[in-house]
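Visitor: The structure under discussion is supplied below as structure tokens; questions concerning it will follow.
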Amino acid sequence: MWKRDEKKPVVGIFGFSGCAGDQLAILHMEDSTVDFFTSADIKFFHMAQSHQEVPEVDVAVIEGSINTERQLKELKEIREMAGVVVALGTCACYGGIQYLGDDEETFKERMKYVYGKSGETPEFLDLVGQPKPAQPISDFIDVDIMIPGCPVSEENFVPIYTKLISGLLPQKYPMPVCVECKYEGNDCFLLHGKFCLGPVTAAGCNATCPSLDISCVGCFGTYEGANYPSMIDKLKEIGLSEEDAIRKLKMFGGNKVEQALKGD
Amino acid sequence: MKTYKMPKNVFPDFIELIKTKGKLFGPVKQKSKYSFEEIKNLQELDFDYQRTIMGVKKFLTPPKYKTLTFDKEGTKDIIDEPETNIVIGVHPCDIHAVKILDRLFLGNIKDPYYASKRENLIIIGHSCLPDDKCLCQSTGTDMVEDGFDLFLTELADNYLVWVGSDKGLSLTIAAGELLTEEISDEDIQEYVRWQQKRSSMFKTVMPSFKYMADIITLNYDSEAWEQFGEKCLSCGTCSLVCPTCNCFNVDDKILMNAEGGFRERMLDSCTLPYYSMVAGDHDFRPDRTTRLKLYYTHKLKEYIGRWGQPGCVGCGRCVTYCPVDINVITVSEALFGEVCETKEVCE
Ligand code: SF4
Ligand code: SF4
Ligand code: SF4
Ligand code: SF4
């Protein structure tokens, strides 16, 4: 019979660039929040605890994208001391909404546009180091498990996390939002000439938006089986320009969409 | 099989009676689609429909459900409480689909979860008229002789009520005076005329369907698969809405307290990327083309080899719901058309 180790695993919840919504989502689980703090030894939780030093963790849960050198250094340190690394939320997994896929030059242009001639952030903002284009954590370190979502849903996060703290391997089975959309018994926007990114978006939200009669904009990030060329054709068929279609795909699809469109 | 007649004006009383026997579900219009939903009042029932988004499988092998719970003490099966569900308005194709599911889940190895759901389901069929997406005439599932408890054929002023099981018979006994055994010659004529009209209404007739299994075998390396594979979004819709598709996945989920959890079953689809992945990360069907080929070869060829009948009952759901027009009609036509062209066998 299933029984986990007596010793509770040590867990750290770390946050980089993002809205911190995924950390908040954990605190927001209400019925399960107390269990969250008792089922594992939470040694570090950016949002919930004042700073603590941790020499090593069994499970590191990392939120947010990386966009300064200092973050990159910290990220690598976390990888060094962690047994398992989990990317939490669409920003950590794919770069998130702040991922623009810019090269250095274009990025500098943008900085100038926002911060004036020098293109440097004012000194008082330089707490975390000068910014560079946002990138998902997997661009820099090995990530063992991805739990996308903007923010992550309890239903998606808990079963994966509880397996990890029980020393078990979570099941990896990529599905698009459309599967959950059909579980919910919804009709399909695409059949009525309306926009929807369900077929290229990772499931996990229980098809929240289509079930409320709102199109999916892809906030759970990319679905591993996504067929972008066919999706773009479909979006063109319902009246989007190719440019608009790609822009919409990139909004939450981050580096994965970028790579797919380049044919990598 | 006994047959009765029920005047339409007593139908509301019949529904009231049925509702005393269990929870009643039937076709309900929801904006742009129909769905089998619980019927609270008669006005919600809408028999003027072609297809619901999900077939009767939603009652028998639901999209997602718990099959057991576990904790430190052990495991506990969750087999449904014996509550009777009654679904009314089921078309012949969907009844055939249930017969296929029964064969799979109640064969040599009985699935206890399915069995208890099936035992507690009463199916009341209803006659229908086809649209251009219905192909049940070609799949040979436009008529039903069994697989239902009662079947209602709608005529101008009456229903003909066909009894298909002991449970159905009990319902007719309970219905008492609402039904009569007196079916006149005019009624029979009206019924025959109605059947003839229905038969002539099928716009999608595919004679090639009868030997599609052979076409698939002979044209196994068809280029059509590649073309469909390029378009397919791997979205899973086709198999989720198909009333005979029944593959499921199982996952054990641990609760946040890490002291217990539950086992969950959810509908799967062979169009999804890891469907054919086995231990050691070996994936037999890593691309969309081979996965679609599996879907259609299984449905239109393997089923026939095993049971003498395709796994498609012609309900037209894949025809309606695939966003990129890959469905049993377009696939069959492409495979057949290709044979025609290259082998010069057709006119
Ligand atoms: S509405 Fe969107 S999510 Fe739902 S099936 Fe259609 S494309 Fe997929
Ligand atoms: S339906 Fe799409 S946009 Fe809405 S929550 Fe789910 S993934 Fe995000
Ligand atoms: S293959 Fe299509 S038409 Fe045939 S039973 Fe399935 S959904 Fe209906
Ligand atoms: S519904 Fe169409 S696009 Fe989606 S998996 Fe099936 S064949 Fe592919």
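Visitor: Once you put a point 7 Å from the Cα of residue A:242 and another 7 Å from the Cα of residue B:169, both along the Cβ direction, what distance in nm separates them?
Guide: 6.8
Visitor: Can you tell which of B:277, B:180, B:212 lies farthest toward the positive end of the dipole of chain B, using +1 and -1 charges on the Cβ of basic and acidic side chains (Lys, Arg; Asp, Glu)?
Guide: The Cα lying farthest towards the positive end belongs to B:277.
Visitor: Summing Lys, Arg as +1 and Asp, Glu as -1, what charge do residues with Cβ under 15 Å from the Cβ of residue B:132 carry, residue B:132 excluded?
Guide: So the environment of residue B:132 carries a net charge of +1.
Visitor: Over segment A:177-262, what is the relative contact order in whole percent, taking alpha-carbon pairs under 8 Å and six or more residues apart?
Guide: Answer for segment A:177-262 is 27 percent.
Visitor: Which of the lysines could a cross-linker bridge to residue A:117, judged by Cα under 30 Å and excluding same-chain residues fewer than eight apart?
Guide: A:73, A:108, A:132, A:250
Visitor: Continuing with the same structure: When the Cα centres of segment A:154-207 and segment B:190-231 are compared, how far apart do they sit, in Å?
Guide: Using only Cα atoms, the two centres lie 33 Å from each other.
Visitor: Of the heavy-atom accessible surface of segment A:177-262 (probe 1.4 angstrom), what whole percent is carbon and sulfur?
Guide: That fraction is 53 percent.
Visitor: Relative contact order for segment B:49-164 using alpha-carbon pairs under 8 Å, separation at least 6, rounded to a whole percent?
Guide: About 26 percent, as a whole number.
Visitor: Ordering B:321, B:275 from largest to smallest accessible area (1.4 angstrom probe), what's the sequence?
Guide: Most to least solvent-accessible, the answer reads B:275, B:321.
Visitor: Count, for each residue of A:199-210, the Cβ atoms from other chains sitting within 10 Å of its Cβ, then give me the mean as a whole number.
Guide: Whole-number average of other-chain Cβ neighbours for A:199-210 is 1.
Visitor: Let me spell out the model: positive unit charges on the Cβ of Lys and Arg, negative unit charges on the Cβ of Asp and Glu, origin at the Cα centre of segment A:10-165. What dipole size does that give, in debye rounded to 20?
Guide: 340
Visitor: Averaging sequence separations of C-alpha pairs under 8 Å and six or more residues apart, then dividing by the length of chain A, give the relative contact order as a whole percent.
Guide: Relative contact order of chain A: 18 percent.
Visitor: While we're looking at this one, here's another question. Keeping every protein chain present and rolling a 1.4 Å probe, give me the accessible area per residue for segment A:13-70 in Å².
Guide: For segment A:13-70, the per-residue accessible area is 47 Å².
Visitor: Something else now. What spacing in nm lies between the two simple spin-label points modelled at residue A:108 and residue B:68, each 7 Å away from Cα in the Cβ direction?
Guide: 6.4
Visitor: Ballpark to the nearest 100 Å², how much total accessible area do B and A bury together, probe 1.4 Å?
Guide: Counting protein atoms only, the buried area is about 3600 Å².
Visitor: Threshold 20 Å², probe 1.4 Å: give the residues of segment B:70-87, in number order, that are less accessible with all protein chains present than with their chain alone.
Guide: B:70, B:72
Visitor: Turning to a different aspect of this structure: What size of dipole, in debye to the nearest 20, comes out for segment B:222-347 about its Cα centre when the only charges are +1 on Lys and Arg C-beta atoms and -1 on Asp and Glu C-beta atoms?
Guide: 440
Visitor: Comparing A:46, A:28, A:192, which has the greatest mean-square fluctuation in the GNM of chain A with Cα pairs linked when under 10 Å apart?
Guide: Looking only at A:46, A:28, A:192, the biggest GNM fluctuation is shown by A:192.
Visitor: Also, quick follow-up: Calculate for the protein assembly as shown the 222 nm mean residue ellipticity that helices alone would give, adding -39,500 (n - 2.57) per DSSP H run of length 4 or more and normalising by residue count, nearest 500 deg cm²/dmol.
Guide: Calculated from helices alone, the mean residue ellipticity at 222 nm is -10000 deg cm²/dmol.
Visitor: Could you list which residues have their amide H under 5 Å from that of residue B:316, counting only those 5 or more apart in sequence or on another chain, with H placed in the peptide plane?
Guide: Long-range HN contacts for residue B:316: B:135.
Visitor: What number comes out for the charge environment of residue B:293, summing +1 per Lys or Arg and -1 per Asp or Glu over other residues with Cβ under 15 Å away?
Guide: -2
Visitor: Additional query: Can you say what percent of the DSSP beta bridges in the protein assembly as shown, counting only those with both residues inside, are antiparallel? Round to 5.
Guide: 60
Visitor: Pick out which of B:110, B:58, B:31 has the largest mean-square fluctuation in a Gaussian network model of chain B, springs linking Cα atoms closer than 10 Å.
Guide: Among B:110, B:58, B:31, the largest GNM mean-square fluctuation belongs to B:31.
Visitor: Can you send over the carbon and sulfur percentage of the accessible area for segment B:243-323, probe radius 1.4 Å, protein chains only?
Guide: With neighbouring chains kept in place, the figure for segment B:243-323 is 51 percent.
Visitor: Right, here's the next one. Once phi is turned into θ = phi - 60°, what whole-Hz ³J(HN,Hα) does the Karplus curve with 6.51, -1.76 and 1.60 give for every residue of segment A:181-191, x standing for Gly and Pro?
Guide: Whole-Hz 3J(HN,Hα) from phi for segment A:181-191: 4, 6, 3, 7, x, 7, 6, 10, 4, 4, 6.
Visitor: Report, to the nearest whole %, how much of the accessible area of segment A:10-165 belongs to carbon and sulfur atoms, 1.4 Å probe, protein only.
Guide: 53
Visitor: By the gyration tensor of its Cα atoms, with a ≥ b ≥ c the square roots of the eigenvalues, what is the shape of chain A: rounded for a/c under 1.5, prolate for a/b over b/c, or oblate?
Guide: oblate
Visitor: Classify segment A:78-224 as rounded, prolate or oblate from the Cα gyration tensor: take a ≥ b ≥ c as the square roots of its eigenvalues, call it rounded if a/c is under 1.5, otherwise prolate when a/b beats b/c and oblate if not.
Guide: Oblate, because a/c is 1.5 or more while a/b does not exceed b/c.
Visitor: Can you check what the net charge comes to around residue A:38, using other residues whose Cβ is under 13 Å from the Cβ of residue A:38 (Lys, Arg +1; Asp, Glu -1)?
Guide: Its environment carries a net charge of -2.
Visitor: Between residue B:283 and residue B:221, what FRET efficiency comes out of the Förster formula 1/(1 + (r/R0)^6) with R0 = 25 Å and r the beta carbon distance, rounded to 0.05?
Guide: Efficiency at R0 = 25 Å is approximately 0.75.
Visitor: Picking from A:230, A:166, A:32, which is most flexible by a Gaussian network model of chain A using Cα springs under 10 Å?
Guide: Greatest mean-square fluctuation among the candidates belongs to A:230.
Visitor: What does the C-alpha gyration tensor say about the overall shape of segment A:10-165? Classify as rounded when a/c is under 1.5, otherwise prolate if a/b is larger than b/c, or oblate.
Guide: Prolate, because a/c is 1.5 or more and a/b exceeds b/c.
Visitor: What ranking of A:13, B:79 comes out by heavy-atom accessible area, probe 1.4 Å, highest first?
Guide: B:79, A:13
The values are calculated or read from the model by the stated rules, or taken from the named source; none is laboratory data. In this text the structure is predicted, and so the values were computed from the model without any measurement. Note that each Cβ is placed from the backbone with ideal geometry, even for glycine, and that neighbours are counted across all protein chains shown. We work out accessible area using only protein heavy atoms, side chains counted, and drop any ligands, DNA or RNA first. Shrake-Rupley method; radii C 1.70, N 1.55, O 1.52, S 1.80 Å.
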